[in-house]
Structure formats: C-alpha cells, structure tokens
Amino acid sequence: MVELVTLDWIRKLAGYPETAGGIFLSGGSLANLSALVTARDALLKPEQFSRAVVYGSDQTHSSLLRAMRILGWQKKQFRKLESDAAFRVRPEAVRQAIREDRAAGLEPFCVIANAGTTNTGAIDPMAELADICAEEKVWLHADGAYGAAALFCERGRKLLSGIERADSFTLDPHKWLFQPFDCALLMVRNRATLRHAFHVREDEAEYLQDARGGEEEVNLWDYSPELTRPFRALKLWMSLQVFGADSFAAALERTFYLAEYAERELRARTNWEITSSAQMAVVTFRYAPNGQQDGSGKSARGIDALNRAIAARMQEQGFALVLTTELRGQTVLRLCTINPRTTEEDIAKTVEALDEHAIHETGSG
C-alpha cells in the first residue's frame, strides 16, 4: 500500500523504531489534535482528564491551543512557559513546572516541543526534553507541521536531532515539501497507541464488520478521526518517484541558504534590525530607525505601526509577500523563503523594496 510505504520511508528518516506508525491527515491542525488525543488516551484515565496539564512555550502554535479547547480542556490546563532569547523553551522550566503541578495534585501528561516554529523557525532542545519526559513519564509531542520537513536533508536532520525520541510528531508536506493542500501526517513511536485512540469499536459501527479483515490487515479508518478520506499519500509518493529524494534535499538546502542571504542583505542596510536570525528558511526583522526612535521621535508603538505599514505596501505592490508577526510584544516582519525557485535577485529586490517603502513611510528619503 502506497500510504504505508511512504509513512515507513518517513519513519526511517526520523529514526523511529519499527513499532512506529502514522497516518496522513488534512493538515497540521487535525494532526496536532490527533496527537493530543493519542497522548491523552495512552496516559490518562477519563477521571484524570479534568486535572490534565499540557506544557509548551509562548511560541506554541495556535492549533494546539485550539485542539485543547476542542477536547474540552480549560485554558489553564495549558502551562505556557516563557521562551529564551532564541525563542526556545527552557528544559529546566519544563521540569520545574511538571513537578510543581504534580505536587499540587494535577496530572502532567504531555510536553509540546517546537520542531521549527512558524514565527521564527526555532527548534526546542528535544534531546533534553526527551530526557525530562522519560524521567517524568509524560508524552513528548514534536510539532513539526512546518519544520519537520527538514528531515529530508542532512542539515535538517542534524538540526532536528532528538526528534527520534519524541512519542509523536507532525509534518505538513503541503508546506516545505512543495505539495498541494490537504497533505499532512502524524507519526507515533508506537502505532498501537494510535489505533487505541481511534479504532472503530465493534459496538459503534456494526455495518463495517463485513469490511474488516483479520488482525494483520490495516484499516486506515482505525488510525484517525476520519472514515472517508482521500488518497493524500499519493501526492508525496509520486513526487518522490518522479523527482527523487535527492532533489527534495537539494531544494531544502537551497531554501536554508535563501533566508541566510536575505539576512545578509538586510544587515547591509541602515536601520534594519534582525529580530531572529535565519533558521529553517525563516528570518524576522523590523525597520527601527535610530534604534527605537526615528527622527520624528516615534515611540516603540509607532515603530510597530511603521512596520505594519511597510508590510501593507509590500502587499499592494505585489512583488513579494512579507507579512508581520509578533515577537516579545513587538511587531516584526517575517520572510519565509521556502520556494527553491526564488533567486538571489528576487531576494535583493525584495529587500530593496522594503527599504524604499520604509523610507517613504518615514519621509526620510
């Protein structure tokens, strides 16, 4: 079966054991939701659900917070921990929070590690988190919806070292692996936990009994919330057959380089501040004339508005898409260079356009 072959190939890339398994899903949101359901059903009894606690940094993706809400958990059941200067979670803060909550009668059960955040591409220290999770007997989920695609190249595998020890991870081929929409996956170290969470029980769907085979037969409806599902794996499998894994690796390496090139171009210009260095094909930055103030005495709030105006002008121009995000309470610009066909000239022209819009907005030209 193509889906199982493709999943097994990714399993090997990630360094997962033969007991591992996975499922293709519609996107990172459903994959992250399914990961939390799997972790919950593997480690908690129903009477413990209301005391369960999930841990993650202030860079945890909104899909996981929404997944917790869908599952009926309260906002306070997510323990948000402040990230470090590189936007990574602090392992000792995780350990301390788990022990504090357990002493208070709560049920720590899952730590979320970022395997390349959407905001900055930051990667949490997964090997250290894996040590803590093993000691504390909690589930480690690596949210790699964006960044886990880097497993397809040598540089990415080094950066993601430790993901092989996670109990689960997500990956969206429709992001950094150049696939059409509706193509994501969830991998778990032990496929039995996935089936335990989602298998259709005999007393729930009598009409499916004739369609079941023996225990050795894999029915994919038993591994996700979906019964009806499209053939999502075919997209990625055919791309690998046509272009080959080496082509994917080269494309990924190219996108790493493009973000680093953009950072160099920005650093070469006046008044541009790098707020997070290029990593995982993402670089964030902002226009901050004279540090925090421009010649007109703009406050930090004014700098935020200035950068939003620059982003709006870029959208109006239509040459390149440079949007804003928020880091440490500041509005910054974000450039994600995951199109390997982008050229150095494209990057240089994008930075030039940003500079021109900034000068126009400040009236300093």
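The values are calculated or read from the model by the stated rules, or taken from the named source; none is laboratory data. Computed from a predicted model, the values in this text were never measured in an experiment. Every residue, glycine among them, receives a Cβ derived from its backbone with ideal geometry; neighbour counts consider all protein chains shown.
Any residue at all in region 149-160 that is at pLDDT below 95 and farther than 18 Å from Leu4 by Cβ? Scanning region 149-160, I find no residue that is at pLDDT below 95 and farther than 18 Å from Leu4 by Cβ, so the answer is no. Quick check on region 266-274. Is at least one of its residues modelled with pLDDT of 95 or more, assigned to a helix (DSSP H, G or I) and crowded, with 16+ Cβ neighbours inside 10 Å? Within region 266-274 (the criterion being modelled with pLDDT of 95 or more, assigned to a helix (DSSP H, G or I) and crowded, with 16+ Cβ neighbours inside 10 Å), the answer is yes, since at least one residue qualifies. Residues in region 324-365 that are under 22 Å from the mean Cα position of the chain (by Cα) and within 15 Å of Ala281 (Cα to Cα): Leu333, Arg334, Leu335, Cys336, Thr337, Ile338, Asn339, Pro340. The conditions of being in the same structural domain as Arg254 (by TED's automatic domain parsing) and free of Cβ contacts under 8 Å to residues at least 60 places away in the same chain are met by Ala312. When the criteria are applied in full, Ala103 fails the requirement of being among the aliphatic types (A, V, I, L, M) and in contact with a strand residue (DSSP E or B) (Cβ under 7 Å, 6 or more places away or on another chain). Return yes or no: is Ile338 crowded, with 16+ Cβ neighbours inside 10 Å, assigned to a loop (DSSP other than H, G, I, E, B), touching a strand residue (DSSP E or B) at 6+ places or on another chain (Cβ under 9 Å) and at pLDDT 95 or above? For Ile338, the condition - crowded, with 16+ Cβ neighbours inside 10 Å, assigned to a loop (DSSP other than H, G, I, E, B), touching a strand residue (DSSP E or B) at 6+ places or on another chain (Cβ under 9 Å) and at pLDDT 95 or above - is met.
Tell me yes or no: at least one residue of region 310-319 is outside any helix (DSSP H, G or I), modelled with pLDDT under 95 and within 30 Å of Asp182 (Cβ to Cβ). Scanning region 310-319, I find at least one residue that is outside any helix (DSSP H, G or I), modelled with pLDDT under 95 and within 30 Å of Asp182 (Cβ to Cβ), so the answer is yes. I'm checking my understanding of the structure. Among residues of region 86-99 that are of a type in the set (A, V, I, L, M) and in contact (Cβ under 8 Å) with a residue 24 or more places away in the chain, which one is surrounded by the fewest Cβ atoms within 10 Å (Cβ to Cβ)? Per the stated criteria, the residue is Ala86. Answer yes or no as to whether Ala150 is surrounded by fewer than 24 Cβ atoms within 10 Å (Cβ to Cβ), touching a residue at least 24 places away in the same chain (Cβ under 8 Å) and among the aliphatic types (A, V, I, L, M). So Ala150 does not fit the description; no. Only residues that are within 19 Å of Asp246 (Cβ to Cβ) and small (Gly, Ala, Ser): list them for region 1-31, please. Scanning region 1-31 gives a single hit, Ala14.
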